Structure formats: structure tokens, C-alpha cells
Ligand SMILES: Cc1cc2nc3c(=O)[nH]c(=O)nc-3n(C[C@H](O)[C@H](O)[C@H](O)COP(=O)(O)OP(=O)(O)OC[C@H]3O[C@@H](n4cnc5c(N)ncnc54)[C@H](O)[C@@H]3O)c2cc1C
């Protein structure tokens, strides 16, 4: 991508490279290299968020009036691309990419004034309370109850799979305020501090050994009506817009390309590359598919920047491509690693966290990443659900 840049964008790329060369200290790079989760672990996120905030680059997609850098879609892609190439930590999407744009569209002036600057500075760390034990794909069936009590809602129930709830100090959540009519009609969108009395966070450890997700329990938690986004019972509209930001505004191709390049480097080091046309064929196939994804992501980002909506079909198509490409690339990594692929080199699968890694440095995380990426076709709306959406749109049903 960067080979064909015009002079202005080439100068911007140089500026980003120079900044990253200085800001990404050897400690931050080494810490990032050990990450296998979707996002970097919380303390690393907070540290990197501060660095980007100080530079004015923490919210690439935000408009200038709210503290964004006012970049073009191409600048956003260059920035994402350079961050990945330089080994920068991946920051969580829940605040800056999901809740932020929703508040800009649906928040009251008071909510915007209070939350957006704190989201930008990193003072507020957000998590997403959508899924529940009985409600994932069928999100509109959610049951957590919110009963109006004067100027507040009393909330009881639980949220499941809440990414980074153990780091977050704020959650946006969907609650049921009515059981009348269609399930979608009785949902309300609320914001709560995580230290509100009655909230308990219980860890869930994933198959790769990571602690990323949690179950969050609400026991008669009071959430002020002032923390409601949109009207009562109208939260489904807000929720759907947020899912669109979750699915539609990303720049995943850059990160996937970096992983694909890493798979080739491993294959070369392990001696597979030259000897295996089958491996090279799989690699080339993925490279071509990534080019298609890159093009589609740029179109979606350009639409969002122009104030247009990313349609349901595009959002679903992007989610399908990103999640399946990620899984296939991590599978390629496992193939390239050969014998090293069997054990988690970081000790996360039981060797003991402080034990020295076995094997070369490049064998440190691929196993954990392979295991972790199994969830990519589930979170953010499973692939079966994306196929259903596409089928409905195409068949007009
Ligand atoms: C790592 C991870 C992080 C997550 N982080 C968050 C988070 O931060 N916040 C949050 O709110 N949620 C989060 N989730 C939850 C995620 O959104 C749900 O897991 C997802 O929506 C699927 O819901 P479910 O787990 O209840 O599975 P189910 O909906 O019960 O689905 C089970 C299986 O049935 C299939 N299925 C269901 N309905 C249909 C249908 N109509 N047609 C065809 N197939 C169907 C599904 O595709 C799936 O294979 C996370 C999940 C994971 C794994």
C-alpha cells in the first residue's frame, strides 16, 4: 500500500514512522510481542493510550471538534498500517470506536461534554454490556431488568463475555425496561460506572490462558436516568448503530498482513518456504484475499468519514472476511512452526508463567493466538448470523 503514496501521504507516513520509532520503547515493544488477545492487556493499553493522547493521535476516526486529528481515510490507514508494522499495542475498541461515535450521534450535550473528553484522555476505560447468558445472537431477547425508581433505574441480572470489564471503569449496557410488544421495543441503552454498588466482575479464562472476558453481575444497581442514551425503550436503535461502528469502521487488513508476513518469516526460518509449494500457495491465496479486504475496508472508512452509514451487507461481509482470514492465517502460523506449535511458549497453558520460553522467539505467541482466534467467528456477531443477514438482504426476505 505504502509504495504508491502521493507526496503528502508519503510525508505523513514518514512523520508517523518517526513518532513510532521514538514512542515505542523497547519495553513497550517487548510487552506487546507477548500479547495474544484481541486487545493488549489493560495496563499496556492505558500506557499506550496516554502516549497517543499526548500526541493527539489516539482517536483517528473522531472529528476534529471532539479531539480527533482530522485525518483522511488514507491517513487513518497509513497510521494503522505503521502501528502494526512497528509492533504497537492494539487498543480496545469499546470506548473510542464504539461508544464514542454513538454518543456523538445520540448523546445529550451534557453527555457529550462529560464523557467524550474523558474517553479521549483515557480517564474512562469502557466495556460493552450487550450479551447475557441466554442472549447472544438473539440479542433482543436480553433480560437484565431495569425498573424506574425516581431519577434512576434499578438494574438486576448479569452480562456475559464482557471483554476487559476487569480493567474498565465504565460500561455501556442494554437493559430491559419493558416486556410489552416486540422484544426490541423494550430495550434501553444505559451508561454505568463499574464501581456502582451491586456490580461484581467474575473472570473467565479463555482456552489460550488469557483473562480477557468476564461475567458481570448486577444486584439492584442504581443507574441515573441522566446516564440513558436515547429515549426509554428506544435503545435498540442506538445498539444497532453501535454494532455498525463495531463492524464497519476497522482497518484489520494491515494487522492481518503483518501476521501473514510473520508466517512467511517463520516458514523461511524453519525451512518450509522454499520446499513447500503447497504452503506458498496457501500464503499467496491469503495475500490476494487480504488485498480485497483492504479495498473493502477503505471504502467503508471513506463512507463513515463522509457521514454515510455502512450498510448491513457491507458490515457483515467485512466481519466474515476479517474473522475467517484471521483464523486461516493463524492456522498457517501453526503449520509453519512445525514441532513448536504444540506447546504455548509463554507458559500460559500450564508451564508456569515465569518459566523461560522454549524455542525461538517467533514461537512465543502463535499457539496462543491460534487458540484465541477461534473466538473471532463468534464475537461481534457469529459468522452464521452474518450469513443469515446477507441471505436476507440478497433474497430480499
Ligand atoms: C472472546 C469473546 C469476547 C466477547 N466480548 C463481548 C463483549 O465485550 N461484550 C458483549 O456484550 N459480548 C461479548 N461477546 C459475546 C458475543 O457477542 C456472543 O458470544 C455472540 O454474539 C454469540 O452469542 P452466544 O455466545 O450467546 O451464542 P449463541 O447465540 O447461543 O450461538 C450458538 C451457536 O448457534 C449459532 N446460531 C445462533 N443463532 C443462529 C441462527 N439464527 N441461525 C444460525 N445459527 C445460529 C451461532 O452462530 C453459534 O454457532 C464476546 C464473545 C467472545 C467469544
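Scanning segment 180-198 for residues that are under 26 Å from residue 237 (Cα atoms) and either surrounded by fewer than 13 Cβ atoms within 10 Å (Cβ to Cβ) or within 15 Å of the ligand (Cβ to nearest atom) (or both) gives 180, 181, 182, 183, 187, 189, 190, 191, 192, 194. Only a single item in (1) surrounded by 15 or more Cβ atoms within 10 Å (Cβ to Cβ); (2) within 16 Å of the ligand (Cβ to nearest atom); (3) modelled with pLDDT of 95 or more is not met by residue 106, and it is number (2).
So which residues in segment 163-177 are closer than 16 Å to residue 380 by Cβ and outside any strand (DSSP E or B), if there are any at all? Across segment 163-177, the qualifying residues are 163, 164.
State which residue pairs qualify: first residue under 23 Å from residue 181 (Cβ atoms) and in contact (Cβ under 8 Å) with a residue 60 or more places away in the chain and inside segment 125-154, second residue more than 9 Å from the ligand (Cβ to nearest atom) and assigned to a loop (DSSP other than H, G, I, E, B) in any location, beta carbons under 6 Å apart, and separation of 6 or more residues or different chains. Correct list of pairs: 146/177. The set of residues from segment 83-102 being surrounded by 21 or more Cβ atoms within 10 Å (Cβ to Cβ) and more than 16 Å from the ligand (Cβ to nearest atom) comprises 83, 88, 89, 101. For segment 183-214, a residue qualifies if it is outside any strand (DSSP E or B) and out of contact with any helix residue (DSSP H, G or I) (no Cβ under 8 Å at 6 or more places or on another chain), and the qualifying residues are 186, 194, 195, 196, 197, 198. Looking at this structure, is residue 146 away from the ligand (no atom under 13 Å from the Cβ), modelled with pLDDT of 95 or more and crowded, with 22+ Cβ neighbours inside 10 Å? Yes.
On the basis of being within 15 Å of the ligand (Cβ to nearest atom) and in contact with a strand residue (DSSP E or B) (Cβ under 7 Å, 6 or more places away or on another chain), does residue 177 make the cut? In short, no. Scanning segment 378-397 for residues that are more than 8 Å from the ligand (Cβ to nearest atom), at negative phi and surrounded by fewer than 20 Cβ atoms within 10 Å (Cβ to Cβ) gives 389, 390, 391, 392, 393, 394, 395, 397.
Among the candidates 139, 160, the residue that is under 18 Å from residue 202 (Cβ atoms) and within 11 Å of the ligand (Cβ to nearest atom) is uniquely 160.
Once segment 52-63 is narrowed to residues that are surrounded by fewer than 20 Cβ atoms within 10 Å (Cβ to Cβ) and modelled with pLDDT of 95 or more, the residue that is nearest to residue 80 (Cα to Cα) is 57. Sub-6 Å Cβ pairs linking a first residue in segment 200-216 that is under 21 Å from residue 93 (Cβ atoms) and modelled with pLDDT under 95 to a second residue that is more than 9 Å from the ligand (Cβ to nearest atom) and not in a strand (DSSP E or B), at least 6 apart or interchain, are 208/36; 208/368; 208/371, ordered by first then second residue. Within segment 211-237, can you find the residues that are under 24 Å from residue 182 (Cα atoms) and within 14 Å of the ligand (Cβ to nearest atom)? The answer is 235, and nothing else. Residues in segment 200-220 that are farther than 14 Å from residue 164 by Cα and either out of contact with any strand residue (DSSP E or B) (no Cβ under 7 Å at 6 or more places or on another chain) or crowded, with 21+ Cβ neighbours inside 10 Å (or both): 207, 208, 209, 218.
If only one of 138, 151 is farther than 27 Å from residue 383 by Cα and over 19 Å from the mean Cα position of the chain (by Cα), which one is it? Answer to the check: 151. In the condition set (1) assigned to a helix (DSSP H, G or I); (2) at pLDDT 95 or above; (3) crowded, with 16+ Cβ neighbours inside 10 Å, residue 31 is compliant with all but (2).
The values are calculated or read from the model by the stated rules, or taken from the named source; none is laboratory data. As the structure is a computational prediction, the values presented were derived from the model and not from experiment. Cβ coordinates were reconstructed from backbone atoms using ideal geometry, including for glycine residues, and neighbour counts include every protein chain displayed.
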